[in-house]
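**Student:** The structure's right below; bear with me while I get my questions together.
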Amino acid sequence: MSPKRSYLPLLLLSSTALLLYYYYDSSLHLFAPNSFNPSGTPKTHNLVPTFTRSLNSNPIPSNFTLTIKLLAFDRFDSISRCLQSLSNADYGDDRVNLHIFVDHFKELDLTNESAILDEKLKESHRILDFVDGFLWRFGEKFVHYRTGNVGLQAQWLEAWWPSSDDEFAFVVEDDVEVSPLYYKFLKGLISNYYYTPSNFHPSVYGASLQRPRFVAGKRGNKLQLDSETRLFLYQMVGTWGQLLFPKPWKEFRLWYDIHKAKSIKPILQGMVTTGWYKKMGERIWTPWFIKFIHSRGYFNIYTNFLRERALSVSHRDAGVNYGKTAGPDSKLLDESSLDFNLWKMQPLSHLKWYDFCFREVLPDRAVRSFDELGSLLNSVQKRRTVILVSLYRTSQTITMNLLCHFERLNIQNYILIGVNSEFLTDLERRGHHVIYAEQMINDIRRYKLMGFQGSNEELIKEILVMAYVIRKCLEYEYNAWVIDGNLLPVSETFPDMTDISHDFMAAKDIELLFIKSSPTSTKIWVDDFIYKLASTTDSLMHRGTLASDHRHFGYFAAKCLEKKGQRIKRLDEMIYGIKIDTNRVNRTSLEGGKKMIFWSSFMGLDLIQRRLEDVDMWAIDGDSSCTAVVCHRT
């Protein structure tokens, strides 16, 4: 055999491998977030294995672009320092465009301030001459000089409208200075957390390069991170070097357009930034973006480099935000001070998430099988009690109002149970504990042998899932409360109505059931009892005489327990709470130790809202998000 022929198979194999590698690498962007869902439906996070990505494995597509948006006003020294730092950065072989927006000074009274006017014209023209003559070697340089003063809000909001899902913006104000390493780091971050399917999450709207310093929620936790944390997620937007992802920014601009046109103000109670807005009004833009982030449950990536170091530093020069120059907020990280691997980025699943109160959030904590249920129960139980919230007959709006009250009262030991829906997925994404009943029912093997079919089948599934979740609670020695969304707690002592002499308690006409962890309840709540519970439900439903308000788990469970001769303490809901209906109520109605307010599941949403407003219990806005951020220190 000749040498040429002996090498031919090897050459063919090598060529094929190279082609396959090129195809895989160049097509990874097909899994990128090309359908970013404003409703919050997460992507599948496990399309490729989870691993620590370095800059050498790069799924960024060829049509990727990043444009620098530099927002300037009347500070010559600031803009010259900023441009010089941007020019000194390492862009490799990439084409990076630079867009400079120079705001105009405000109109002056020529009769009294002509000398000041001449000075301002001179300074503006000096800035323009400098910008025009500044050499930008890395791409297009575009300069926009305003004809009139628009302020910081318009400077930010009008600087960018993404032309594609692969176009990114890095926004800097003119008193910011960036590290020579900033672009390489940002590109690696985009590669890792936007284009890598296993690390992409629809809640992430960008990344801030500034050092995290500020907790916006009043009375929130101190911003403390351990020395090993390099990256984390935090809801707060950064204005001193902010990378923006295209789709969330477009979504925000449309949201802003609607709210601004309808004169809806970005008021979010419990936030320091709301005080800024009340004082400064439309001169600032961040309260608008913060209100949007809160309504959507979105997060920003932040760095933590220790010793007050950051990849972007604000010199906090005198201007809109500072009456006089305050000096640099951080120390610039560069090659000489780099004492760790800046390019190593952890999988998203390893990063911690924090809300506006700097309270840790655990997104995507859902249960789809009984094998996953134990760890969830362990994580949410408080004082060995779990609140199971049935969402089967509760609207999305009412559910959100309930969750806002849970936040206000610092009730955390709850699990939401409902059928598969985009809404349930959105709640999971926001960090609420969720059980997907439709998927869990597949784990109940005995259900397949029961033969419950027809009009009652969906109700039977609900009963079975709830019953098996309670059995798991008892197995872990946790008490369980079952409620639905047609009930609101009034105080943080809810549900403190437990009589330790009774293993079971149930309300008469609402979904309110208590099961105490005890040897008796554990002995009773077994497979045979659950089967009889399903049979009892099926039998009662077929009789057709059951009141509509009684068609819920608590009613059927109580009936079945009574059939087994168990003593049930009947809770008079009118003693513990107040029922709202067509009659008006007020705050004094909730006095005297009332622990809850409730209503019929068939009551109209508009009437429910009006009655809850009467007692200051309507806690959501037009976006169905909480009207306030409530911080509880941990």
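**Student:** Among the residues of region 556-579, count how many are free of Cβ contacts under 8 Å to residues at least 60 places away in the same chain and open to solvent by less than 40 Å² (accessible area, probe 1.4 Å).
**Tutor:** Within region 556-579, residues that are free of Cβ contacts under 8 Å to residues at least 60 places away in the same chain and open to solvent by less than 40 Å² (accessible area, probe 1.4 Å) number 4.
**Student:** Considering only region 59-75, state which residues are modelled with pLDDT under 95 and either more than 22 Å from S163 (Cβ to Cβ) or touching a strand residue (DSSP E or B) at 6+ places or on another chain (Cβ under 8 Å) (or both).
**Tutor:** The answer is F73, D74, R75.
**Student:** For region 531-581, which positions are closer than 14 Å to K508 by Cα and small (G, A, S)?
**Tutor:** Listed by number, the residues that qualify are A547, S548, G554, A557, A558, G577.
**Student:** Quick one: would you say S78 is out of contact with any strand residue (DSSP E or B) (no Cβ under 6 Å at 6 or more places or on another chain), outside any strand (DSSP E or B) and at pLDDT 90 or above?
**Tutor:** Yes; evaluated as a whole, the condition is true for this residue.
**Student:** Another one. Among the residues of region 210-236, write down those that are surrounded by 21 or more Cβ atoms within 10 Å (Cβ to Cβ) and in a loop (DSSP other than H, G, I, E, B).
**Tutor:** Scanning region 210-236 gives Q210, R211, V215, A216, G220, Q235, M236.
**Student:** Anything in region 237-270 that is in a loop (DSSP other than H, G, I, E, B) and either within 18 Å of the chain's Cα centre (by Cα) or not aliphatic (A, V, I, L, M) (or both)? List them, or say none.
**Tutor:** V237, G238, T239, W240, G241, F245, K262, S263, K265, P266, L268, G270
**Student:** Sticking with this structure for a sec: Answer yes or no as to whether L181 is closer than 26 Å to R81 by Cα and touching a Gly at 6+ places or on another chain (Cβ under 8 Å).
**Tutor:** no
**Student:** When you go through (1) in contact with a helix residue (DSSP H, G or I) (Cβ under 7 Å, 6 or more places away or on another chain); (2) farther than 18 Å from P61 by Cβ one by one for P248, which number turns out not to apply?
**Tutor:** (1)
**Student:** Where residues in region 540-555 are assigned to a loop (DSSP other than H, G, I, E, B) and either open to solvent by 30 Å² or more (accessible area, probe 1.4 Å) or aliphatic (A, V, I, L, M) (or both), which of them is modelled with the highest pLDDT?
**Tutor:** Out of the qualifying residues, it is R551.
**Student:** Here is a further query. On the basis of being among the aromatic types (F, W, Y) and out of contact with any strand residue (DSSP E or B) (no Cβ under 9 Å at 6 or more places or on another chain), does W288 make the cut?
**Tutor:** Judged against the criteria, W288 is a match.
**Student:** In addition: Pick out the one residue from K344, K291, K382 that is without any contact (Cβ under 8 Å) to a residue 60 or more places away in the chain and in contact with a Lys or Arg (Cβ under 9 Å, 6 or more places away or on another chain).
**Tutor:** Checking each option against the conditions leaves just K291.
**Student:** Moving on. I need a count of the residues in region 280-320 that are part of a loop (DSSP other than H, G, I, E, B) and farther than 24 Å from D257 by Cα.
**Tutor:** 11
**Student:** Taking the residues in region 580-634 that are among the aromatic types (F, W, Y) and in contact with a Leu (Cβ under 6 Å, 6 or more places away or on another chain) as candidates, determine which candidate is surrounded by the most Cβ atoms within 10 Å (Cβ to Cβ).
**Tutor:** F598
**Student:** Can you find a residue in region 310-324 that is surrounded by 19 or more Cβ atoms within 10 Å (Cβ to Cβ) and under 25 Å from D364 (Cα atoms)?
**Tutor:** Looking through region 310-324, none of the residues is surrounded by 19 or more Cβ atoms within 10 Å (Cβ to Cβ) and under 25 Å from D364 (Cα atoms).
**Student:** Looking only at region 362-369, decide whether some residue is open to solvent by 10 Å² or more (accessible area, probe 1.4 Å), modelled with pLDDT of 90 or more and within 19 Å of T634 (Cβ to Cβ).
**Tutor:** Within region 362-369, one or more residues are open to solvent by 10 Å² or more (accessible area, probe 1.4 Å), modelled with pLDDT of 90 or more and within 19 Å of T634 (Cβ to Cβ).
**Student:** Given (1) under 19 Å from the mean Cα position of the chain (by Cα); (2) of a type outside the set (F, W, Y); (3) outside any strand (DSSP E or B), where does A207 come up short, assuming only one miss?
**Tutor:** (3)
The values are calculated or read from the model by the stated rules, or taken from the named source; none is laboratory data. Bear in mind that the values here come from a model prediction, so they are computed numbers and not experimental data. Because the Cβ atoms are built from the backbone with ideal geometry, glycine has one as well, and the counts that use them run over all protein chains shown. Just the protein is used for accessible areas: all its heavy atoms, side chains included, with ligands, DNA and RNA removed. Shrake-Rupley method; radii C 1.70, N 1.55, O 1.52, S 1.80 Å.
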